[in-house]
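Report on the structure given below.
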Amino acid sequence: MTLYVRDYRASDKDALIGLWQACDLLRPWNDPAADIARAIAAKDATLLVGHEAGELIASVMTGYDGHRGWAYYFAVAPDRRSRGHGREIMEEAGLWLAARGAPKMELMVREGNLDARAFYAKLGFERQAVDVYGKWLVEPAGGTAPDEY
C-alpha cells in the first residue's frame, strides 16, 4: 500500500505519541506533547505524518534553521517496516526542506543504534566528522537527562 503523507493535525496527537512509544523514541526528559506544540508553532518547522489504510504509521519532524535542515522523531511502526515507508516520508521531509532553500539535511542517531545508521546510509546520508554538544536552557520536566537527547 502507498503511504499517504500530510502535515500533522491535532487529531493525530494520541496516535503519534503512541507511534513514538512503539518505536522507543521517547525519553523521560522530553515531553512529546510539548515537542509537538513547539514544532507546529514554529514558522520554519513541520511535522509530517504518514498514514496507511487510515492508520498513522510514520512520522518525521523537520525544520530549517537558515543553515541546515534537521530531521527528528523519524518513526515507522515496527510492524510496517521494510516496505518503503521510511524512505518515502524522509523524501517528503527533504522536499519540504529543499522548498525552503535548505542545502543539506542532517539528523542525529543515538549511539549504538546500528539499524538506524544502516537505514540512513541506504538513503545516502553520510556520517559527519562532528560531535554534538548540548546544554539545557530549561530544566527538563523529567529531570536531568543522561548524556543523550
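The values are calculated or read from the model by the stated rules, or taken from the named source; none is laboratory data. All values reported here derive from a predicted model rather than from experimental measurement. Backbone-built Cβ (ideal geometry, glycine too); neighbour counts: all protein chains shown. Surface areas here come from the heavy atoms of the whole protein model, side chains and all, with no ligands, DNA or RNA. Shrake-Rupley method; radii C 1.70, N 1.55, O 1.52, S 1.80 Å.
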- Item | Extreme residue, surrounded by the fewest Cβ atoms within 10 Å (Cβ to Cβ), among residues of segment 3-53 that are touching a helix residue (DSSP H, G or I) at 6+ places or on another chain (Cβ under 8 Å) and β-branched (Val, Ile, Thr) | 17
- Message: For segment 85-110, give me the residue count where each residue is more than 16 Å from the chain's Cα centre (by Cα) and over 15 Å from residue 45 (Cα atoms).
- Response: 1
- Query: Given the residues 109, 130, 138, which is the only one that is modelled with pLDDT of 85 or more, β-branched (Val, Ile, Thr) and open to solvent by 60 Å² or more (accessible area, probe 1.4 Å)?
  - Reply: 130
- Query: Any residue at all in segment 58-71 that is open to solvent by 70 Å² or more (accessible area, probe 1.4 Å) and within 13 Å of the chain's Cα centre (by Cα)?
  - Reply: no
